[in-house]
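Let me begin by presenting the structure, written as structure tokens, before commenting on it.
The values are calculated or read from the model by the stated rules, or taken from the named source; none is laboratory data. Note that this is a predicted model, so its numbers are computed, not measured. Cβ: placed from backbone, ideal geometry, glycine included. Neighbour counts: every protein chain shown.
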Amino acid sequence: MEAYLIAIGIFAGIYLLLALGLNLQFGMTGLINFGHVGFFCIGAYTSALLATNGVPVALSLAAGGFAAMLAAWPLGVVSIRLREDYFAIASLGFSEIVRLVVTSEGWLTKGVQGIPGIPRIFPGVSSQMQSMLMFGLVMVLCLLAILAMRRIVKSPFGRMIEAIRDNEEAVRSLGKEPAGFKMQVLLLGSLLAGVAGGLYAHYIGYISPDQFIPFITFQIWMAIIMGGVGRISGTVAGVIILMTFLEGSRFLRDVAPFIPEVAMASIRLGVIGLALMLFTIYRPQGLMGDYTKR
Amino acid sequence: MTLEIKNMTKAYGGLRVVDDVSITMEDNDIIGVIGPNGAGKSTLFSLVTGFLDGNSGSVTFQGKELGAASATVRAQAGLVRTFQVPREFSHMTVRENLMAAVPDQLGENLLNTFFRPGQVARQEVESAAKVEETIAFLKLSAVADVPSGSLSGGQKKLLELGRALMTGAKLIMLDEPFAGVNPVLIGELSEKIRELNARGIGFLIIEHDLGALSKLVHKMYVMDRGRLISSGDPAAVLSDPVVREAYIGGGVT
Amino acid sequence: MTGFAELLFSGLMSGLIIGLAGLAVTLVFGIARFSNAATGDTMTLGAYGALVGSAFTGSVILGSLIGLAAGALASVVSYLLVFRPLQGRSPISSLLASIGLAFFIRAIIGLVFGHDQNVFQLDIVRPIKFAGIRIQPNDLKFAAVAISTLAVVFIILHLTPIGRRMRAVADNPLLAKVSGISPRPVMLALWSIAGAVSAIAGIILGMKTVVSPESGWEMLLPAFAAAVLGGIGHPIGAIVGGLLIGVAQELATPFVGFTYKIAVSFIVLLLVLLIRPKGLFGRSEGVR
């Protein structure tokens, strides 16, 4: 039971890193990133490939984050200045192309078979100890990310992105270019997603392309919307709700084994889809109320 | 010459919303642009400030042809507009709105935010002092920490003027600053504009409220259906029969 | 040379499907003013409707009509239940809700029909040779259906009163409101047409390949690329965009390999956004 909770805690932490980045992008700045999973994927593959080829894990994790950030840059250059939904579509396409590349370039990524035997982060310890240390690491990184977000919120940068979310044209009328701020936010969010991807790869030890479908992106969207967009505490709450839902559906399979896993996958997809619709229509401010009081 | 608008034209399909409009402005001028609804005044503003691309025409500001410069670049050059419907950053307080307008902030870069917090903080203190002056000047102290979305229409107009001031604008283009503002505040706003003008800031003002405007401006232009139909000294313009015809025709009292 | 001609022909065929999907995207964008991410899954729904209809009636044609009706109906219902309540809110709300709708439709299809691939029972006909290139007779029928669909849509848009009102709303929503165009009939017409067009695209796609719960979602990127390439909101542009992308995909295949075929849409999308965001036929308004 304890091991189970620690495992959930690690996954929740990885999701939280993803959600904090997306919350910075959408919740605080109004940037519609539908391709978050693409950066997660780049981080996971980069770190996994480097580590399986002998690069120290600490270095490969950092490289994963950096690679995700590097990949975000050209995407931002092309589409961040345009209408907000153009970036949404372009980023969604981006994440699908990332998945296509890791599926197709078998010589590098082993294609659909995936990469097995990704080294653990802490070598030479028992698996129980591994989980404990992993949990500690993820929590420390989450804490750092939260502190970074808090600093941003209180900084002149935070003020500007809030202004951008409120009214982009007014920001332009003051001689400031929203695209520059959006780009920084895109890069930072991608860095977080890339690091989260690396943590994920090293923790579960095996990655394959079908773990990086757009559905992951929209699970994160659901988490930040439910928690209340723009709020750091809301993001934490949203991730907890999401994990409860995902684990709950797994638990349901345990008590009702006659439901096949593919059906359960459809049910998860349907519930997230339904929730996205219902929340945008009836409760865009999330479960906890107005996002201005963050 | 501060501003020279030359043969500005904007058409949607066959409809010429702004038709061959030319306006020149000397340093330190206060110029008014009036005209009935749909005359193309706000479109003209958007063309001059780079929020819309014109079909033809040019804008020269302080001796420099602006060409295809973006709205951001024009504002940085000192050509700053406000909006007919105020676009305050509604979730932010008055003070935060003004702070956001300060140009060249170190803290607008994430790297500085994390790695040069001291310098950022020092600059914030300087900016805050300037913002304090502007708040006092515009008499917004009572609402300085109120979310700007909850201000009255007149206060929002003041706030937009304040933001424009904070950018260090050399020419401020006000889009209907008196619309929906109570008479007392109109008087005060006019007074502020005169004071700022005395400090060297030019104003180009679109207005419906002819009474307040004619007392304020040095020169007035009249637009109707996209074209300039009259210009000159306010008193002369207001007694121009062509202008009276346009206004009565446009159904505006 | 014949190799090239065959690739071109096959590119035009997939281009028609992409163009139809792009048309559905662009119509909704032009009139309801948001990017509808559920377009792909409406295609899937139409294809499954046609499968069930064919099995039930024994006729592929009757079945396809049932699929078409299913797509139109689902589209209208989604307007009434999801997009109408979001009217007047930011287009982002509708876009987000359309993603939710897409997942929801796909989930229902997955639950009801499972995840196996399905095929239409079509008569196997020997390919005919025309000017040296091999052509599947079914492809000619699909092309005829696609072109008739386009003809019907353009007749509705340009020659009927409701079509004129739809175009008026697309040209200038504010003006249309002032001049007293009631939004309800326009919206109902829009969503039925968009749903029917999506369904037809989905049915043809399903007949040419296979039908699976994911098949429509995978068409979303090409559909958007076609709409953006043509100039978003511009119906003819979407068709031209679709044809160009279809041909580009086929012609690129010998160079980039079969797997990267769908990446062509993404590259096209990025190039358009980079070089000419308003698209081939678009107006610049509203791009930034």
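List of remarks:
- Helices (runs of 4 or more DSSP H) lying entirely in the stretch A:55-113 (those with 2 or more residues that are at pLDDT 95 or above, in the same structural domain as A:GLU177 (by TED's automatic domain parsing) and in contact with a helix residue (DSSP H, G or I) (Cβ under 7 Å, 6 or more places away or on another chain)): A:57-79, A:84-104
- Within the stretch C:1-51, being in contact with a Pro (Cβ under 8 Å, 6 or more places away or on another chain) and among the β-branched types (Val, Ile, Thr) holds for C:ILE18, C:THR26, C:THR44.
- Reported count of residues in the stretch A:5-54, each being assigned to a helix (DSSP H, G or I) and touching an Asp or Glu at 6+ places or on another chain (Cβ under 9 Å), is 5.
- Test for A:SER95: is it under 21 Å from A:PHE26 (Cα atoms) and polar (S, T, N, Q): yes
- Condition check for B:ILE172: within 11 Å of chain A (Cβ to nearest Cβ) and either within 16 Å of the chain's Cα centre (by Cα) or not in a helix (DSSP H, G or I) (or both): yes
- Condition check for C:ILE147: under 27 Å from C:SER212 (Cβ atoms), away from every other protein chain (no Cβ under 14 Å) and in contact (Cβ under 8 Å) with a residue 24 or more places away in the chain: yes
- Helices (runs of 4 or more DSSP H) fully within the stretch C:1-91 counting 1 or more residues that are within 15 Å of C:ILE203 (Cα to Cα) and more than 16 Å from the chain's Cα centre (by Cα): C:39-57, C:60-78
- Some residue of the stretch C:234-252 being crowded, with 24+ Cβ neighbours inside 10 Å, part of a helix (DSSP H, G or I) and within 10 Å of another protein chain (Cβ to nearest Cβ): no
- When A:ALA196, A:ALA170 are screened for being crowded, with 20+ Cβ neighbours inside 10 Å, under 30 Å from B:ARG163 (Cα atoms) and not basic (Lys, Arg), only A:ALA170 passes.
- Of all the numbered requirements in (1) touching a helix residue (DSSP H, G or I) at 6+ places or on another chain (Cβ under 8 Å); (2) part of a loop (DSSP other than H, G, I, E, B), C:LYS278 misses one, and that requirement is (1).
- If the condition is being free of Cβ contacts under 8 Å to residues at least 12 places away in the same chain and among the aliphatic types (A, V, I, L, M), then the stretch B:121-163 contributes B:ALA121, B:VAL125, B:ALA129, B:ALA136, B:ALA142.
- Members of the stretch A:59-118 found to be facing chain C (nearest Cβ under 10 Å) and hydroxyl-bearing (Ser, Thr, Tyr), listed by number: A:SER79, A:TYR86, A:THR103, A:SER104
- A count restricted to the stretch A:169-223 and to residues that are assigned to a helix (DSSP H, G or I) and within 14 Å of chain B (Cβ to nearest Cβ) stands at 20.
- The condition of being more than 8 Å from every other protein chain (Cβ to nearest Cβ), crowded, with 18+ Cβ neighbours inside 10 Å and among the charged types (D, E, K, R) holds for B:ARG95.
- Looking across the stretch A:199-217, the residues that are aromatic (Phe, Trp, Tyr) and surrounded by 23 or more Cβ atoms within 10 Å (Cβ to Cβ) come down to A:TYR200, A:PHE212.
- Taking the stretch B:1-51 as the region of interest, the strands (runs of 3 or more DSSP E) fully inside it that hold 1 or more residues being surrounded by fewer than 16 Cβ atoms within 10 Å (Cβ to Cβ) and out of contact with any Pro (no Cβ under 7 Å at 6 or more places or on another chain) are B:3-12, B:15-25.
- If the condition is being within 14 Å of chain A (Cβ to nearest Cβ), of a type in the set (Asp, Glu) and within 22 Å of B:ALA75 (Cβ to Cβ), then the stretch B:129-169 contributes only B:GLU160.
- Number of positions in the stretch B:74-118 that are part of a loop (DSSP other than H, G, I, E, B), of a type in the set (Gly, Ala, Ser) and within 18 Å of the chain's Cα centre (by Cα): 2
- The selection criterion, being more than 30 Å from C:ALA131 (Cβ to Cβ) and within 11 Å of another protein chain (Cβ to nearest Cβ), holds for C:SER94.
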